[in-house]
Amino acid sequence: MWGAAFLLLVLYLAPVLVSFCLPDPRRGVPWHQARRDPTGFSPDPATTPGAVIQVFAAPAVAWRGIFSVHTWIAVKPTGAPRFTRYEVLGFGVANGAPAVRIDRMGPDNHWFGARPRIVLDRRGADVDAMIAQVCAAVASYPYPNSYLPWPGPNSNTFLAHIARQVPELQLDLPSNAVGKDFLPCGTLVAAAPSGSGFQVSLYGLVGIMLAAREGLEVNLLGLSFGIDPARPAVKLPALGRLGMARL
């Protein structure tokens, strides 16, 4: 009994404590004053006429950034003059604002002081068809006016929904994207977001995932611990993936 408790402490609580102690330049800066300018990660539509899909992740705002990242998707069809950014936000939802927001910022902007990283970048002849599917998935999201930072539905629940509706994306969401394991409408079993396996989850609070791209992940209270044997790495709560980068 004590051995199991100690193992849980090491696997789940220790990484959270480490994340809390890591330096964060955003601390002490009011969120409304934090930088939100473009990073330059998204190509200029004027010089990149082809279709593009990009998914970004950045540490969540305030205390939530200790535990989780915020994710969003930006798409640009062939010949389009601009990107369209889709994401779910909690700001204002309690006062009647929609949770799904479109073009609140540019496609690759800093997320309230945090520099995002690219999770997925798809280009090529088949991307226009995927963009059409992404737009349909956005329209079919079952929680367009609801938001809960934990255990969901939140921004990562939204991206996981899109990924399951468009398995061609092969989207492997960060393991510290809290809310990605919240399965809509009380579903207990679903495809993994990447479409390369399956997961079982009880309202995003406890569950397990086994997939070719995600590897093995065990979810406890929204925090995921796992291993990826294909591209050797360990996935830690709050800290995310440590090891070889996922291609």
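The values are calculated or read from the model by the stated rules, or taken from the named source; none is laboratory data. Keep in mind that this is a model prediction, so the values were computed, not measured. Every residue, glycine among them, receives a Cβ derived from its backbone with ideal geometry; neighbour counts consider all protein chains shown.
Please work out if Arg26 is in contact with a strand residue (DSSP E or B) (Cβ under 8 Å, 6 or more places away or on another chain), in a loop (DSSP other than H, G, I, E, B) and either surrounded by fewer than 13 Cβ atoms within 10 Å (Cβ to Cβ) or modelled with pLDDT under 95 (or both). So Arg26 fits the description; yes. Note on the range 128-149: residues that are of a type in the set (S, T, N, Q) and assigned to a loop (DSSP other than H, G, I, E, B) total 2. When Ala97 is tested against (1) among the small types (Gly, Ala, Ser); (2) touching a Lys or Arg at 6+ places or on another chain (Cβ under 9 Å); (3) surrounded by fewer than 17 Cβ atoms within 10 Å (Cβ to Cβ), only condition (2) is not met. If I filter the range 93-106 for residues that are among the acidic types (Asp, Glu), farther than 27 Å from Arg213 by Cβ and out of contact with any Phe, Trp or Tyr (no Cβ under 8 Å at 6 or more places or on another chain), do I get at least one hit? The answer is yes, given that some residue of the range 93-106 is among the acidic types (Asp, Glu), farther than 27 Å from Arg213 by Cβ and out of contact with any Phe, Trp or Tyr (no Cβ under 8 Å at 6 or more places or on another chain). Within the range 50-81, the set of residues being closer than 14 Å to Trp150 by Cα, assigned to a strand (DSSP E or B) and in contact with a helix residue (DSSP H, G or I) (Cβ under 6 Å, 6 or more places away or on another chain) comprises just one member, His70.
Checking Ala211, Ala192 one by one, the residue that is in contact with a helix residue (DSSP H, G or I) (Cβ under 9 Å, 6 or more places away or on another chain) and farther than 16 Å from Ala57 by Cβ is Ala192 and no other.
Considering only residues in the range 112-127 that are of a type outside the set (D, E, K, R) and assigned to a loop (DSSP other than H, G, I, E, B), the one that is farthest from Ala34 (Cα to Cα) turns out to be Ala125. For the range 51-79, the candidate set comprises residues that are more than 28 Å from Pro15 (Cβ to Cβ) and either of a type in the set (Val, Ile, Thr) or buried (at least 16 other Cβ atoms within 10 Å of the Cβ) (or both); within that set, the residue that is nearest to the chain's Cα centre (by Cα) is Ala74.
Taking the range 163-247 and the strands (runs of 3 or more DSSP E) fully enclosed by it, the elements with 1 or more residues that are among the basic types (Lys, Arg) are at 233-236, 240-243.
With the structure loaded, tell me whether Trp150 is among the aromatic types (Phe, Trp, Tyr), buried (at least 21 other Cβ atoms within 10 Å of the Cβ) and touching a residue at least 24 places away in the same chain (Cβ under 8 Å) or whether it fails that test. Spelling it out, it is not the case that Trp150 is among the aromatic types (Phe, Trp, Tyr), buried (at least 21 other Cβ atoms within 10 Å of the Cβ) and touching a residue at least 24 places away in the same chain (Cβ under 8 Å). Considering the range 82-111, and only residues there that are in a strand (DSSP E or B) and closer than 20 Å to Pro43 by Cα, the residue that is nearest to the chain's Cα centre (by Cα) turns out to be Glu87.
Conditions tested, residue by residue: (1) modelled with pLDDT of 95 or more; (2) over 26 Å from Ala62 (Cβ atoms); (3) of a type in the set (D, E, K, R).
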residue: Val100; (1), (2), (3): yes, no, no
residue: Met105; (1), (2), (3): yes, no, no
residue: Arg123; (1), (2), (3): yes, yes, yes
residue: Ala132; (1), (2), (3): yes, yes, no
residue: Ala139; (1), (2), (3): yes, yes, no
residue: Tyr147; (1), (2), (3): yes, no, no
residue: Phe158; (1), (2), (3): yes, no, no
